[in-house]
Amino acid sequence: MSRDLSYDAVMARRGEIMKKALGLEYDEFILSDIAFDYEGMMERAGYSLEEVRQIQQQAGVGNTPLLELKNITQLVRQTSKKGYGARILLKDEAANPSGSFKDRRAAVSVYHAKKLGYPGVLAATSGNYGAAVASQANMANLGCIIVQEVFDSHHIGQPEIIEKSRKCEAYGAEVIQLTVGPELFYVSLILLEETGYFNASLYSPFAISGVETLGYELVEQTRSRYGKDPAYVVVTHAGGGNVTGTARGVRKAGAKSKIIGASVDLTGLHMASDNDFNKKSFTTGHTGFGVPFATWPDRTDVPKNAARPLRYLDRYVLVTQGEVFYVTEALAQVEGLERGPAGNTSLAAAIALARELPEDEIVVVQETEYTGAGKHPQAQLDFARKNGVEVIRGEPKQNVPGKVIAIPEHFSQLSFTEMDIDRMRTSYIRNAVTRNNVTKVTQDELEFLAEDTNSTLEFVSSVLGSLGVQF
Amino acid sequence: MSNTCKQGEWVEIHYVVLLAGERSPDVPEDTKKVPLECWVKGWALSSGTVGEPVEIRTPANRVVKGTLIRVNPGYTHSFGPSVPELSSIGQELRAMLKEDD
């Protein structure tokens, strides 16, 4: 039987392909164009925290060390007003089998695929998740295909992504390396149809429930060692799963810690642009994912995204590329931990955030990732220079994405830019209305929008009013 | 690197997935002008020559056809040269920590 593989024909079959590849009926959770039963989906389709803990334990995932960054904390206090500078703790997620917190997501997805009898797993990702899925697939004796966006039209790729391809291939996965463009999804659909593999989406309830243990563990560890909960939990934010899963775990542990998302500011660079592709020195943890995924989560490869960061973000802050490289160097040089770079986005933000708090408070940075050839500040900065980006020592405000990377001249310069979350909430509501072509919103939908943006009925009503939508 | 492969050798092939005119309507203008290309590695099903078509069996056991690009492909990415803007940060921070002792 020959299938029509044209772009339009494959995209038209996406619903049926996805249904088969996820083994999950989303229809039962969908209440209307706008509203769906999020908690129902997480409870009935995902796994409980206890089940996830067992699955991950079997797969060698989780229970990572929580390290106190004593020297960095001291530097924070030296650059804070007297009596300020919270203790900074770092969850060393690089200790997971493939070197990042993504093993938590992969472990649950792969377990689920195995349980349902799929012959293999496929993930479309240029990030650490590829290696995580490949590693977990090996433990479960499943086939594995990773689809990555690697090159520009001159066949040039960021060293960081080339390394991520290599790592997947080291695990024996089939790696499909593509040039830049959202058709990564189209290629994935063709492969899912051809192989009958499970779609190990980053955004399924299984994957997100896998991250909950991270939030739960960090609260347990902080409590047992310091007798209190973290004031802030700082999370590198890209697609939203890290924020969502961690926050759910923190809440399940009963902690009221503020959940603060942090991304690298890449404002102005288009994510699907062939020209801009290699002007970025970060391939994840940046605003190119962080903002669109927060303001419209349902843009992914699943009918309803289980990663819904606006539900959980108390604050969202941006740091510059130069600051993250500086902090990556600091972590290696004064803490003896060579990690990142991209995973250190939250650490860069945490340093400035810790200055807001008294010394007896605690800030937890909830991840690290492995470092390797290519995945390293030297490799990334060298590549940036070769692509015409200027690298200087200077103040963070001198950074211009795609043009200038300013490495801070002094620790005291580390700072962040606060994003206006209400503006992001407004943008989400606008997207929910316009993308679904809705002119009238029911009471249930109004309530869903308030819940999904962690706002109030009044807030949603006022935004809908300004959009001319009836409710 | 050899210009030819024998049957069963580990190779890399290339093919065009979508021509410039076939791309998603959502891609930016610069991306619309170029094709969507793919590289994948596997074991050659026959002998072949770089630049000529060849079929491979991939690790996921699929048969894929493309142009032979490399035989026994390796990796050349590295940790990069020293970057002067980074090299003094460690000393600067250690000096700060000492000041406070």
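Using the structure shown, decide if residue A:170 is closer than 25 Å to residue B:69 by Cα, more than 7 Å from chain B (Cβ to nearest Cβ), out of contact with any strand residue (DSSP E or B) (no Cβ under 8 Å at 6 or more places or on another chain) and among the small types (Gly, Ala, Ser). Here the answer is yes, as residue A:170 does meet what is asked. Residues in the range A:145-165 that are at the interface with chain B (Cβ under 7 Å from one of its Cβ atoms), touching a helix residue (DSSP H, G or I) at 6+ places or on another chain (Cβ under 9 Å) and closer than 20 Å to residue B:58 by Cβ: A:145 only.
Listed here are the residues, each with its yes/no results for (1) more than 12 Å from every other protein chain (Cβ to nearest Cβ); (2) part of a helix (DSSP H, G or I); (3) over 22 Å from residue B:84 (Cβ atoms).
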{"site": "A:298", "(1), (2), (3)": "yes, yes, yes"}
{"site": "A:305", "(1), (2), (3)": "yes, no, yes"}
{"site": "A:313", "(1), (2), (3)": "yes, no, yes"}
{"site": "A:316", "(1), (2), (3)": "yes, no, yes"}
{"site": "A:329", "(1), (2), (3)": "no, yes, no"}
{"site": "A:334", "(1), (2), (3)": "no, yes, no"}
{"site": "A:337", "(1), (2), (3)": "yes, no, yes"}
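Of all residues in the range A:227-279, those that are touching a residue at least 40 places away in the same chain (Cβ under 8 Å), away from chain B (no Cβ under 14 Å), small (Gly, Ala, Ser) and out of contact with any helix residue (DSSP H, G or I) (no Cβ under 8 Å at 6 or more places or on another chain) total 1. The residues on offer are A:95, A:35, A:21, and the sole one that is of a type outside the set (S, T, N, Q) and in contact with a Pro (Cβ under 7 Å, 6 or more places away or on another chain) is A:95. Does any residue of the range A:80-95 turn out to be surrounded by 14 or more Cβ atoms within 10 Å (Cβ to Cβ) and under 25 Å from residue A:452 (Cα atoms)? Scanning the range A:80-95, I find no residue that is surrounded by 14 or more Cβ atoms within 10 Å (Cβ to Cβ) and under 25 Å from residue A:452 (Cα atoms), so the answer is no. Within the range A:132-144, the set of residues being more than 8 Å from chain B (Cβ to nearest Cβ), in contact (Cβ under 8 Å) with a residue 40 or more places away in the chain and of a type outside the set (A, V, I, L, M) comprises A:136 only.
In the range A:56-92, the qualifying residues are those that are touching a Leu at 6+ places or on another chain (Cβ under 7 Å) and among the charged types (D, E, K, R), and the one that is farthest from residue A:226 (Cα to Cα) is A:92. Residues considered: A:207, A:238, A:272. Of these, the only one that is hydrophobic (A, V, I, L, M, F, W, C) and surrounded by fewer than 23 Cβ atoms within 10 Å (Cβ to Cβ) is A:272. Taken together, B:51, B:21 contain a single residue that is more than 14 Å from residue B:64 (Cβ to Cβ) and in a loop (DSSP other than H, G, I, E, B), which is B:51.
In the range A:199-214, is there at least one residue being over 30 Å from residue A:8 (Cα atoms), of a type outside the set (S, T, N, Q), touching a Phe, Trp or Tyr at 6+ places or on another chain (Cβ under 7 Å) and within 7 Å of chain B (Cβ to nearest Cβ)? Scanning the range A:199-214 turns up no residue that is over 30 Å from residue A:8 (Cα atoms), of a type outside the set (S, T, N, Q), touching a Phe, Trp or Tyr at 6+ places or on another chain (Cβ under 7 Å) and within 7 Å of chain B (Cβ to nearest Cβ). For the range A:384-405, the set of residues classified as of a type outside the set (S, T, N, Q) and not in a loop (DSSP other than H, G, I, E, B) consists of A:384, A:385, A:386, A:390, A:391, A:392, A:393, A:396, A:397, A:400, A:404, A:405, listed by residue number. Determine whether residue A:129 is in a helix (DSSP H, G or I) and in contact (Cβ under 8 Å) with a residue 40 or more places away in the chain. For residue A:129, the condition - in a helix (DSSP H, G or I) and in contact (Cβ under 8 Å) with a residue 40 or more places away in the chain - is met.
From the list A:403, A:397, the lone residue that is basic (Lys, Arg) and either in contact with a Lys or Arg (Cβ under 9 Å, 6 or more places away or on another chain) or over 30 Å from residue A:76 (Cβ atoms) (or both) is A:403.
If you filter the range B:73-101 down to residues that are surrounded by fewer than 11 Cβ atoms within 10 Å (Cβ to Cβ) and over 17 Å from residue A:376 (Cα atoms), you find that the one that is nearest to the other protein chains (Cβ to nearest Cβ) is B:100. Take the conditions within 22 Å of the chain's Cα centre (by Cα) and more than 14 Å from every other protein chain (Cβ to nearest Cβ) and apply them to residue A:180. Does it pass? Here the answer is no, as residue A:180 does not meet what is asked.
Selection of the range A:406-418 for residues being touching a helix residue (DSSP H, G or I) at 6+ places or on another chain (Cβ under 8 Å), assigned to a loop (DSSP other than H, G, I, E, B) and surrounded by 15 or more Cβ atoms within 10 Å (Cβ to Cβ) yields A:408, A:414, A:415, A:416. Screening the range A:315-357 for residues that are of a type in the set (Asp, Glu) and surrounded by fewer than 23 Cβ atoms within 10 Å (Cβ to Cβ) and picking the one that is nearest to residue A:402 (Cα to Cα) gives A:338.
Every read-out reported here was derived from the displayed coordinates using simple, explicitly stated rules and does not represent laboratory data. Every value quoted in this text rests on a predicted model; they were computed, and no experiment measured them. In this analysis, Cβ positions are derived from the backbone assuming ideal geometry, glycine residues included, and neighbour counts consider all displayed protein chains.
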